[in-house]
Amino acid sequence: MTTVLWHGGWRSMMGFSVLPALGEVLFPRLCEACGSRLNAGDVALCAVCQSRLPFRACIDTGFDEDVECERLPRRVMAVFTYVHGGMLHKLVAKVKHGGRRDLARSLGRLAAVEAGRAGAFDGVDVIVPVPLDPAKLRRRGYNQAFEMAMGVSQHTGIPVADVLARAGGGDSQKSKRAGERERNVKGAFAIVDASSCAGRHVLIVDDVMTTGATLAECAALLSGCAASVSVLAVARTAVV
């Protein structure tokens, strides 16, 4: 087929651009887990790796013995299992330390697909991401929980609002046990936009939940103005 140069780009006489196709040949999209070439409909992971994601049944804190924080809302859902050294651990590491905010949104969308099947978004009015420590935010340049929340929003159409902020305190939770985690986040958050959640059903979104102390602290704070609060974690790890 004859082609012509039009406005600086090669286009066919039928008017469709060949540049995206050429870009796909030169710079193919690859699976974040195995490195194989992605098909047109794949997002971040190939179909095989998506099927291997460690899906766990959505949880209710009344029946999940691993969740030690009793202050969590009744409606708590975690989508994938987070195992050190496993597939999801490596993907989250790319998000946190590799500047991959696009991957964070993809993981949010993948989690939303699974959570939606269990009714995670029924009645939800607004999504509120767990805020990141300001020092980490400066180093990373973005909050991975916010990016994952945006991925959830892209799938569900539910808006995201930055209602919470870190108010101070709260060291890293990584090496702390359950009781230490609860004390560590006590008073670590503040509401900065109550109007976005007043009288509404709020869904708090975070990347990885361990004991649930951080999510419980956020939920307790939001329950003072929201009509109801539920929690969605993209992944759930074992208790430290």
(request) Please verify whether region 10-20 includes one or more residues that are at pLDDT below 60 and either assigned to a helix (DSSP H, G or I) or closer than 24 Å to residue 144 by Cα (or both). (result) yes
(request) Working only within region 125-160, note down all residues that are part of a helix (DSSP H, G or I) and small (Gly, Ala, Ser). (result) 135, 145, 149, 151, 153
(request) Name the residue, out of 133, 102, 122, that is at pLDDT below 95 and within 12 Å of the chain's Cα centre (by Cα). (result) 102
(message) I need the full set of residues from region 215-235 which are among the hydrophobic types (A, V, I, L, M, F, W, C), assigned to a strand (DSSP E or B) and farther than 19 Å from residue 186 by Cβ, in order please.
(response) 232, 233, 234, 235
(request) Answer with yes or no whether residue 204 is surrounded by fewer than 23 Cβ atoms within 10 Å (Cβ to Cβ) and either modelled with pLDDT under 95 or closer than 29 Å to residue 123 by Cα (or both). (result) no
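The values are calculated or read from the model by the stated rules, or taken from the named source; none is laboratory data. Given the structure is predicted, the values throughout are model-derived calculations rather than measurements. When we count neighbours, we look across all protein chains shown, and the Cβ atoms used for this are built from the backbone with ideal geometry, even at glycine.
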